[in-house]
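The values are calculated or read from the model by the stated rules, or taken from the named source; none is laboratory data. Bear in mind that the values here come from a model prediction, so they are computed numbers and not experimental data. Note that we place each Cβ from the backbone using ideal geometry, even for glycine, and neighbour counts take in every protein chain shown. We work out accessible area using only protein heavy atoms, side chains counted, and drop any ligands, DNA or RNA first. Shrake-Rupley method; radii C 1.70, N 1.55, O 1.52, S 1.80 Å.
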Amino acid sequence: MSRRLEEELTILLDGGAVPLPDKCDVAPESPRPLRLKHNVCYIVVGILLNDQDEVLMMQEAKAECRGRWYLPAGRLERGESLVDGLCREVAEETGLLCQPLTLLLVEERGASWVRFVFLAQETGGVLKSSASADKESLQASWWDRVSQLPLRCRDILPLIQRALDYRRLPSHPSILPQLCPSPFLVLRLLLVCIVSGEIQILQSSADSARLPTIVCDARRGGGSILNPLFYLLHDAYMSCGILGVQHQGGDDADGVCFNIMGVLHDCELPVVRTGGLSWVAVEDEALKNRLEQVMKNNTMLPLCS
């Protein structure tokens, strides 16, 4: 394994960002760059908990769900980072300022719709009252999760429970988006296979040894963003999660790079459908130990399709 690949692995395992190569290993023919409000939508959701395990909620002002309650959430605007978008939505809808602590999970419906769910903490501001109602929300309140509250949608209940569970016992280290531009939705793959007690990872040798990258098809109805990954390895069985998220926003940078770790179970080295990719053994003992710990404890951010 090359020194460059070892350095790339170390950065990703630390939750850092690695710039994308000029050309990815797998991509649709003539892929279209992503543009917010044109061919992609990112939703940011904030879950804030107080010392009594109450959750911050906002009352909807939109006509179609007016008077119902939901977590502070909304669409990312052009030029915003994911963290900036989260802080703006929380402030607009609840009156409170916040600091994100970690991503809790990422949900996707293909490359054109992705929802980023954050755990965050209050850092100031004034809780919005009904006297301050506007087009963003009617008011905000801390909810004890026991009192009856008409919800806009019950899909937030498992998200709230995940936040409570994470605060009691973190299931992964803090993972926050790193500022790094991408024109497309890209998967950078850290694929791990253990064969005869040896840890092997998939590498690209397109220019110099590095981890493989895949550009996801941004057409609506294109299926899960993970479909190209499973196709790449002949539908080999693996568990997947996110090691890090890279996004910057702005001109030609509305894409996202997900640094994905996939662990292949109970198999020989699978055949790879794309040329220029090969398996290589991890020789550095410190890297092997870190990979083994991630696999043993499953400390990856969930990606829900």
Specify the angular offset, from 0 to 90 degrees and rounded to the nearest 10, of the alpha carbon long axis of helix 285-297 from the longest principal axis of the alpha carbons in the chain.
50 degrees
For the chain, longest principal axis from Cα atoms; helix 156-168 axis from its Cα atoms; angle between them, nearest 10 degrees, is 70 degrees
Where in region 233-292 are there GluC sites (Glu not before Pro) that are in a DSSP coil and have at most 12 other Cβ atoms within 10 angstrom of their Cβ?
GLU268, GLU283
Virtual spin-label span in nm between SER196 and SER174, 7 Å along Cα→Cβ:
4.4 nm
So, with +1 on the Cβ of K and R and -1 on the Cβ of D and E, and no other charges, what is the size of the charge dipole of the chain about its Cα centre, to the nearest 20 debye?
800 debye
Using only Cα atoms, find the angle between the long axis of helix 82-94 and the longest principal axis of the chain, and express it within 0 to 90 degrees, rounded to the nearest 10.
20 degrees
Heavy-atom accessible area per residue, region 146-212, 1.4 Å probe: how many Å²?
48 Å²
Here the percent of antiparallel bridges among DSSP beta bridges lying wholly in the chain, to the nearest 5, is 65 percent
For ARG145 and SER278, FRET efficiency with R0 = 45 Å and r from the beta-carbon atoms, rounded to 0.05?
0.35
So what is the 222 nm mean residue ellipticity for the chain from helices alone, if each DSSP H run of at least 4 adds -39500 (n - 2.57) and you divide by all residues, rounding to the nearest 500 deg cm²/dmol?
-5500 deg cm²/dmol
Once the Cα atoms of region 23-145 are picked out, what are the Rg and Dmax in Å?
16.2, 55
Normalise the Debye intensity by I(0) for region 199-278, one equal point scatterer per Cα, no solvent, then take log10 at q = 0.11, 0.18, 0.19, 0.21 Å⁻¹ and round to two decimals.
-0.34, -0.91, -1.00, -1.19
With the cut-off at 1.5 for a/c, could you classify region 118-206 from its C-alpha gyration tensor as rounded, prolate or oblate?
prolate
Neighbour cut-off at most 14 other Cβ (10 Å), DSSP loop, trypsin sites (Lys or Arg not before Pro), region 108-151:
LYS135, ARG145
Which whole-number percent gives the relative contact order of the chain, counting Cα pairs below 8 Å spaced six or more residues apart?
24 percent
Cα to Cα, under 24 Å, and not fewer than 8 places away if on the same chain: which lysines meet these conditions relative to LYS135?
LYS37, LYS62
Please give the Cα centre distance for region 191-230 versus region 51-108, rounded to the nearest Å.
32 Å
